[in-house]
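Below is one structure; the comments refer to it alone.
The values are calculated or read from the model by the stated rules, or taken from the named source; none is laboratory data. These numbers come from a predicted model, not from an experiment. Cβ atoms come from the backbone with ideal geometry, glycine included; neighbour counts cover every protein chain shown.
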Amino acid sequence: MSKGNIGVTSDNIFPVIKKFLYSDHEIFLRELISNGVDATQKLKTLSSVGEAKGDLGDLRVRVSIDKNKKTLTVSDHGVGMTAEEVDKYINQIAFSGAEEFVQQYKDKAEAIIGHFGLGFYSAFMVADKVEIFSLSYKEDAKAVHWSCDGNPEYTMEDTIKAERGTDIVLHLNNEFPQYLEEATIEGLLKKYCKFLPVEIAFGKKKEWKDGKQVELDEENIINDINPAWTKKPTELKDEDYDKFYHELYPMQMDEPLFHIHLNVDYPFHLTGILYFPKIKSNLDVKRNKIQLYCNQVYVTDEVENIVPEYLTLLHGVIDSPDIPLNVSRSYLQSDNNVKKISGYITKKVADKLAEIYKNNKEDFIKKWEDIKMFIEFGMLTDEKFYDKAVTFALYKNIADEYYTLSEYKDKIKETQTDKDGNLVILYTNDADAHYTYIERAKQKGYDVLLMDGELDIHIMSQAEQKAMSESEGGQIRFVRIDSDTIENLIRKEETANDNFSDEQKEGLRKAFESILPTPEAKLRYTVTCEAAAADALPVFLTQNEFMRRMKEMAAHQQGMSFYGEMPDQYNLVLNTSHPLIQEMINKETSEQVEEKVEKKAEKEGETPTKETIIKTIYKLEGEDERIKQLIDIALLASGQLKGEALAKFVNRSVELL
Ligand code: ADP
C-alpha cells in the first residue's frame with residue numbers, strides 16, 4: 001500500500017470543491033458518468049484499431065445505490081486505469097499555476113472543475129470518502145484500489161477485480177441523503193444522461209401489475225444512445241423529428257411546426273435540431289428551452305449568449321464540443337467560436353424559413369401567426385437576420401391576405417402614393433373599433449393592414465427607417481387609420497378648402513371646446529376644423545400617429561418613460577365640409593358680431609359671460625344639446641364613450657327623437 005498527498009498544488013482544492021457544493025453539487029453525477037462513458041468510448045476506439053484485444057463484452061455504465069452502506073457507485077467497463085495511471089491522472093492533477101488559478105476563481109468552482117479536468121474531484125462535493133477500483137484493459141494489468149477521505153491524503157493498493165473497467169464508490173456525506181433516493185438519481189440521470197452515447201443502466205425496469213409496481217428482469221436503461229441529431233438528415237423522416245421532439249419534451253403535447261437540422265464541421269463542430277414550437281401562451285415559452293450538449297452530455301438549458309436571443313424561444317438541442325462550457329457569461333459573448341456559432345444558427349434558420357416560403361407558401365402562411373413573434377423579434381434585434389427575413393416576413397390585411405412588404409408596396413403603389421411621392425400604408429390594430437375609419441378608407445379604394453401584434457409597432461418603425469435609408473424605392477409611412485382624416489392621411493392634392501374665415505371657424509371651435517367633457521387626468525382633447533369629405537362624419541376623433549406610437553413604445557421600453565408620462569392627445573375634428581357643421585358656423589362677419597354683443601350687453605346692463613358670448617355670437621343659442629350629441633358621436637365612433645357618459649348619450653338620443 002502506498003500513501004501520498006494529492007498533487008494539486010496545495011490543500012486548496014478541497015475547500016474550493018466543498019464550497020461549490022452549495023450551488024450545483026448535483027453535477028458530480030454527470031462528471032462521473034461522463035468519465036465512464038469516455039473510458040468506454042476509448043476502449044471501443046482502441047479495439048477498432050486492434051489495440052484492445054478480444055470481445056469487449058458488456059459495455060453498459062451502471063449506477064447503483066446502497067442505502068445501508070450509504071454509497072453511490074458508478075461502474076464502467078471501459079479502459080480502466082493502472083496504478084501508474086491513477087497516480088498520473090488522479091493524484092497529480094497536472095496543470096501549471098493551479099494554486100494561482102484556484103485563488104483567483106475561488107468563487108467559481110464550476111470554472112475550475114470543467115476547465116482543469118477536476119471532474120472526478122467533484123465527487124468530494126457530496127462524499128466524505130471516495131474509492132476507485134479499477135482494472136486496466138492492458139494485458140497483465142493489476143487491479144488497483146484508491147481511497148481518499150477528502151483531505152489531500154490518499155491510499156493506493158493492489159486489489160482483486162474480476163472485470164475490466166472502473167468502479168467509483170462515493171461514501172455520501174450525511175448532508176446529502178437525497179442521493180440515496182432512487183427517484184432523485186433517476187431524475188438526475190434523465191436530466192444529464194438522456195442522450196449519452198453509451199447505455200446507462202440504473203436498477204431494473206418496472207411495470208404496473210395489478211395496481212402495484214413490479215420489477216422486471218430487464219435493466220432500466222436511461223438513455224437513447226443514438227438521438228436524432230447525431231444522425232444524417234437523409235436518414236430521418238418528418239415523423240422521426242416529431243418523435244424526437246417528444247422524447248426531448250415529454251410533457252409537450254403539440255407537434256412542432258417545423259424543424260431545422262444543424263450540422264457543421266468547419267470552422268467549428270456543431271450538430272443539433274431546432275424546432276419552431278407551437279406556442280399557446282407565454283408560459284410555454286419559458287417551460288421548454290433549447291438544451292445544450294457537449295458530445296451528447298447535457299450541459300445546460302441556458303443557451304443565452306450562444307444562440308441569438310430571439311432564437312432562445314425555439315426548442316431543440318445544440319451539441320458542440322467547441323463551446324467553452326465553464327466560463328463566465330460575459331466571456332462567452334466575446335468568444336469567437338460562440339459568435340460564429342450564433343451567426344451560423346441565424347443563417348440556417350433564416351435560410352430554412354426562406355426555403356419554406358418559396359417552396360410552400362401556403363403552408364408558411366398557415367404557420368405565420370405562430371412563428372411571427374420569433375421572426376419579428378429577430379428582425380428587430382439582428383441586422384443579418386433582418387436582411388434575410390424581409391423576403392418572407394408577412395403583413396396581413398383586414399381581408400386576411402398576406403404579403404411581404406415588397407409585395408404589399410406593389411399592391412398599393414397606384415392608390416396610396418401621396419402627392420409628395422410617399423407611400424402611405426394604412427393600418428388598424430383593432431378593426432372593430434376602427435370600423436368607420438376603415439369604411440372611409442375602403443370607399444377611397446385604399447387597403448388597410450391589421451397590425452395587432454405585440455411587436456408590430458416596432459416593426460413598422462423599422463420598416464420606415466430602412467426605407468428611408470434605401471436610396472431607391474422612396475419613403476414609406478405607416479399611419480393608423482384613426483390618426484387623421486383619410487384626406488389628410490393620404491394627401492392627393494392641396495387640401496380642399498372651405499370658404500369660412502378663420503374667425504368663423506374659431507367661434508365654432510370655441511363653442512365645442514366649452515362643451516367638451518372634462519377629460520380624465522391623462523387625456524387631452526384639441527378641437528380643430530378640417531375640410532374632410534362631405535360624407536364623412538361631421539365630428540370625429542383622430543390621434544396623432546407619432547405621439548401615440550411613442551407612447552406605445554414607451555410602454556415596453558426603458559428610457560422612454562418621458563413619452564409614457566405624456567397625456568393621451570386626441571383631435572376632435574369638426575368637418576367643415578359637412579352640411580351640419582356648415583349650418584352651425586356663423587356666417588356673419590366679426591364686425592356684425594361685435595355690434596350684436598355690445599347691444600346685448602347694453603340691454604341687459606351687465607357684462608355677458610364667456611358662455612353667453614359664445615352662444616350669442618355664434619348663433620349657437622340652444623345648440624348645447626346638438627353639440628353634446630355630436631361630441632358623443634365622435635367619442636362613440638372611436639370607442640371612447642363609456643359608463644355614465646354613454647348612458648346620457650343614449651337618453652339624449654331618445655329625447656331628440
Ligand atoms: P477529465 O475527465 O476532465 O479529464 P477527470 O478529473 O474527471 O478529468 O479525470 C481525470 C482523468 O482520470 C481522465 O482524463 C481519465 O484519464 C481518468 N479517469 C477518470 N475516470 C475514469 C474512468 N472511469 N475510467 C478510466 N479513466 C478514468
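Return yes or no: is E487 of a type in the set (D, E, K, R) and either assigned to a helix (DSSP H, G or I) or touching a Pro at 6+ places or on another chain (Cβ under 6 Å) (or both)? Yes.
Considering Y408, Y403, Y386, the condition of being crowded, with 16+ Cβ neighbours inside 10 Å and part of a strand (DSSP E or B) is satisfied by Y403 alone.
Tell me, yes or no, whether segment 465-474 has at least one residue that is charged (D, E, K, R) and at pLDDT below 80. So far as segment 465-474 goes, yes, one or more of its residues are charged (D, E, K, R) and at pLDDT below 80.
Kindly check whether there is at least one residue in segment 72-82 that is polar (S, T, N, Q) and closer than 20 Å to V198 by Cα. Yes - at least one qualifying residue is present in segment 72-82. Being over 34 Å from the mean Cα position of the chain (by Cα), charged (D, E, K, R) and not in a helix (DSSP H, G or I) is a description that does not apply to E255. For E219, the criteria (1) more than 24 Å from Y386 (Cα to Cα); (2) out of contact with any Gly (no Cβ under 8 Å at 6 or more places or on another chain) hold in every case but one, which is (2). Is it the case, given these coordinates, that E110 is out of contact with any Lys or Arg (no Cβ under 9 Å at 6 or more places or on another chain), modelled with pLDDT of 95 or more and away from the ligand (no atom under 11 Å from the Cβ)? So E110 does not fit the description; no.
Whether any residue in segment 37-46 is part of a strand (DSSP E or B) and at pLDDT 95 or above is what I want to check. No: zero hits. Consider segment 71-88 and keep the residues that are modelled with pLDDT of 95 or more and closer than 30 Å to E175 by Cα. The one that is nearest to the ligand (Cβ to nearest atom) is D76. Within segment 12-36, take every residue that is in contact with an Asp or Glu (Cβ under 8 Å, 6 or more places away or on another chain) and small (G, A, S) and give me the one that is modelled with the lowest pLDDT. Applying the filter and picking the extreme gives S23.
Residues checked against (1) buried (at least 23 other Cβ atoms within 10 Å of the Cβ); (2) under 45 Å from the mean Cα position of the chain (by Cα); (3) within 18 Å of E199 (Cβ to Cβ); (4) away from the ligand (no atom under 14 Å from the Cβ):
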site: E26; (1), (2), (3), (4): no, yes, no, yes
site: D38; (1), (2), (3), (4): no, yes, yes, no
site: S47; (1), (2), (3), (4): no, no, yes, yes
site: G50; (1), (2), (3), (4): no, no, no, yes
site: K53; (1), (2), (3), (4): no, no, no, yes
site: G57; (1), (2), (3), (4): no, no, yes, yes
site: R60; (1), (2), (3), (4): no, yes, yes, no
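Residue count for segment 230-250 under the criterion of being of a type in the set (D, E, K, R) and part of a loop (DSSP other than H, G, I, E, B): the result is 3.
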